[in-house]
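A short write-up of the structure that comes next.
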Amino acid sequence: MISTQQRAALQRQIWQIANDVRGAVDGWDFKQYVLGTLFYRFISENFTSYIEADDNSINYSQLADSVITLEIKDDAIKTKGYFIYPSQLFVNIVKNANTNESLNTDLAKIFAEIEASANGYPSERDIKGLFADFDTTSNRLGNTVKDKNTRLAAVLKGVAGLEFGDFHGSQIDLFGDAYEFLISNYAANAGKSGGEFFTPQHVSKLIAQLAMHKQKNVNKIYDPACGSGSLLLQAKKHFDNHIIEEGFFGQEINHTTYNLARMNMFLHNINYDKFNIQLGNTLIDPHFGNEKPFDAIVSNPPYSVKWIGSDDPTLINDERFAPAGVLAPKSKADFAFVLHALSYLSSKGRAAIVCFPGIFYRSGAEQKIRQYLIDNNYVETIISLAPNLFYGTSIAVTILVLAKNKSDTKTQFIDASNLFKKETNNNILTNDHIEEIMRIFDSKENIDHFAQSIPYEKIVANDYNLSVSSYVETKDNREVININQLNAELDNTVEKINRLRADINSIVAEIEGETV
């Protein structure tokens with residue numbers, strides 16, 4: 001296993017490369033080239049490892065393309081989902097990158113052929129368009145072909161210089177770690193837009209544990225607004241592979257981010273037949289209706305985004321929204337995502353959803369949706385987190401945990417707003433913080449100023465207000481003052497001031513007497 005120090009050094013190296021090779025190009029605009037190149041190297045080495053199958057007599061990168069039979073190609077695509085000829089491998093392209101005057105067009109052709117290799121196979125949908133954002137003709141790379149090739153060669157050489165070791169065991173995780181490290185750094189430097197596609201790993205870990213808590217196995221895990229797939233991948237990282245039986249499912253509205261998510265799955269060694277990421281608007285064009293229900297749902301949907309809502313009269317009859325009897329406001333789609341997740345949730349599973357705090361206390365349609373959730377006993381726990389945990393926003397968000405198999409009608413409220421560690425520009429949750437939250441989530445223990453399980457009747461009496469602060473009293477950290485001691489100190493101070501004034505008056509009188 002690689003050490004923590006080695007991993008940290010590798011991460012510093014890859015971020016330095018990413019910054020060095022982009023030159024004057026904005027990092028956010030340039031991310032596709034670094035991430036895409038890392039992915040190109042990964043699938044090349046992954047495919048080579050598959051073909052060679054630990055047979056030292058085979059060196060796939062040295063073979064001629066002409067020796068590859070249709071049978072070999074067909075079997076490989078059925079297994080890996082794609083095919084790469086020896087001449088197309090990353091290691092062979094990077095050799096002559098600095099002198100290849102047609103590098104940009106060669107890469108475009110290779111990427112197109114890798115994608116096309118899956119046409120007509122079950123993997124076609126998962127492979128198609130993976131390199132769509134790796135535009136080798138873009139002016140972002142330079143104004144001339146020579147400039148473009150120079151920058152592309154620099155990216156290839158930089159990624160080639162990363163020491164991942166032999167392509168076995170933990171080295172696969174290193175590719176995935178490097179990819180997520182890059183994504184998180186781009187997100188952190190991208191302002192608001194960064195937070196829209198990446199959930200920090202420490203928060204993702206908490207959300208995954210909440211959704212998977214005490215489930216010996218889940219049929220599949222789903223994220224209806226999956227971004228780059230970071231939430232789904234936390235479930236893989238922290239739980240045994242066999243626990244998630246049928247794989248990883250997600251939908252994403254942004255095309256670039258959709259491609260990042262699919263690459264992220266491959267880079268974490270999730271084969272094409274174990275994930276299904278779809279492109280589209282979850283609220284008005286939902287996928288996976290035939291795949292539900294899901295035993296585990298994780299999500300960090302966009303906060304308070306606009307949606308068509310009541311402007312589409314058919315939505316009130318949609319099976320996801322109809323049971324609540326009201327649609328989420330057009331200006332705030334938060335509860336539309338919540339109801340969508342609830343509709344896709346199995347009777348034994350949990351959904352853990354990051355939410356904007358305002359939805360838990362505002363009136364109108366949102367109050368009616370809260371009433372529906374509470375009256376039907378779907379809300380297990382609501383957790384308020386510390387501020388500044390996410391990229392692009394400093395707000396203190398809330399996690400909503402939904403379940404359809406509660407053993408009582410109480411709702412748990414946890415105030416975790418004081419659990420954080422200050423780190424550079426953002427706060428983080430440490431492993432100890434996550435363990436503390438999970439312990440209380442499991443026990444449902446009442447702890448003053450931290451956690452309370454509230455009876456259904458009390459929530460109804462409070463007009464279905466689900467704000468954590470309404471039920472968990474904030475600890476009074478004000479200093480206790482002894483009023484008698486304070487009065488004595490004031491009397492003593494006044495006496496000192498009076499003596500000082502008398503001394504000053506005496507000195508002044510003395511001076512005035514001398515000048516007469």
### Summary
The number of residues in segment 316-338 that are over 17 Å from residue 357 (Cα atoms) and either part of a loop (DSSP other than H, G, I, E, B) or modelled with pLDDT under 95 (or both) is 8
### Query
Quick check, is residue 72 farther than 26 Å from residue 182 by Cβ and either part of a helix (DSSP H, G or I) or free of Cβ contacts under 8 Å to residues at least 24 places away in the same chain (or both)?
yes
### Task
Among the candidates 157, 146, single out the residue that is open to solvent by 40 Å² or more (accessible area, probe 1.4 Å), of a type in the set (Lys, Arg), under 23 Å from residue 26 (Cβ atoms) and touching a residue at least 60 places away in the same chain (Cβ under 8 Å).
157
### Query
Restricted to segment 122-139, and to residues that are closer than 25 Å to residue 29 by Cβ and hydroxyl-bearing (Ser, Thr, Tyr), which residue is most open to solvent (accessible area, probe 1.4 Å)?
137
### Query
Hey, among 68, 84, which residue is of a type in the set (A, V, I, L, M, F, W, C), farther than 28 Å from residue 261 by Cβ, out of contact with any Leu (no Cβ under 7 Å at 6 or more places or on another chain) and open to solvent by less than 30 Å² (accessible area, probe 1.4 Å)?
68
### Query
Which condition does residue 105 not pass, out of (1) surrounded by fewer than 18 Cβ atoms within 10 Å (Cβ to Cβ); (2) under 31 Å from the mean Cα position of the chain (by Cα), if it passes all the others?
(2)
### Query
Condition test on residue 293, is it under 22 Å from residue 233 (Cα atoms) and either modelled with pLDDT of 95 or more or more than 26 Å from the chain's Cα centre (by Cα) (or both)?
yes
### Task
Determine whether segment 21-30 contains at least one residue that is assigned to a helix (DSSP H, G or I), open to solvent by less than 10 Å² (accessible area, probe 1.4 Å) and closer than 25 Å to residue 126 by Cα.
yes
### Task
Using the structure shown, decide if residue 48 is closer than 26 Å to residue 271 by Cα, touching a Gly at 6+ places or on another chain (Cβ under 9 Å) and either acidic (Asp, Glu) or open to solvent by less than 70 Å² (accessible area, probe 1.4 Å) (or both).
no
### Query
Under the condition of being open to solvent by less than 20 Å² (accessible area, probe 1.4 Å), in contact with an Asp or Glu (Cβ under 9 Å, 6 or more places away or on another chain) and aliphatic (A, V, I, L, M), which residue from segment 423-478 is nearest to residue 369 (Cα to Cα)?
468
### Task
Name every residue in segment 410-422 that is open to solvent by 80 Å² or more (accessible area, probe 1.4 Å) and either touching a residue at least 40 places away in the same chain (Cβ under 8 Å) or outside any loop (DSSP other than H, G, I, E, B) (or both), in order of residue number.
410, 421, 422
### Query
Just one of 279, 283 is under 29 Å from residue 118 (Cβ atoms) and at pLDDT 95 or above; which is it?
279
### Query
Applying the selection to segment 198-230, what residues are surrounded by fewer than 24 Cβ atoms within 10 Å (Cβ to Cβ) and in a loop (DSSP other than H, G, I, E, B)?
200, 213, 214, 215, 216, 217, 219, 220
### Message
Considering only residues that are outside any loop (DSSP other than H, G, I, E, B), open to solvent by 60 Å² or more (accessible area, probe 1.4 Å) and not small (Gly, Ala, Ser), which ones fall in segment 273-315?
### Response
273, 274, 279, 311, 313, 314
### Task
Spot the failing condition for residue 34; the list is (1) surrounded by fewer than 21 Cβ atoms within 10 Å (Cβ to Cβ); (2) in a helix (DSSP H, G or I), and only one is missed.
(1)
### Message
So the check is Cβ under 6 Å with 6+ separation or different chains; which pairs have a first residue in segment 365-386 that's of a type in the set (Phe, Trp, Tyr) and a second one that's buried (at least 20 other Cβ atoms within 10 Å of the Cβ)?
### Response
372/324; 378/402
#### Entry: Exclusive hit being in contact with a strand residue (DSSP E or B) (Cβ under 6 Å, 6 or more places away or on another chain), in contact (Cβ under 8 Å) with a residue 40 or more places away in the chain and either buried (at least 20 other Cβ atoms within 10 Å of the Cβ) or farther than 29 Å from residue 246 by Cβ (or both), set 328, 333, 351
351
### Task
State whether one or more residues within segment 234-246 are within 26 Å of residue 403 (Cβ to Cβ) and buried (at least 24 other Cβ atoms within 10 Å of the Cβ).
yes
### Complete set of residues in segment 253-272 that are open to solvent by less than 20 Å² (accessible area, probe 1.4 Å) and hydrophobic (A, V, I, L, M, F, W, C)
260, 261, 263, 265, 266, 267, 270
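The values are calculated or read from the model by the stated rules, or taken from the named source; none is laboratory data. Values in this document were obtained by computation on a predicted structure and should not be read as measured data. Virtual Cβ from ideal backbone geometry, glycine too; neighbours counted across all protein chains shown. Ligands, DNA and RNA are stripped out before the accessible areas are found, and what is left, the full protein with its side chains, is counted by its heavy atoms. Shrake-Rupley method; radii C 1.70, N 1.55, O 1.52, S 1.80 Å.
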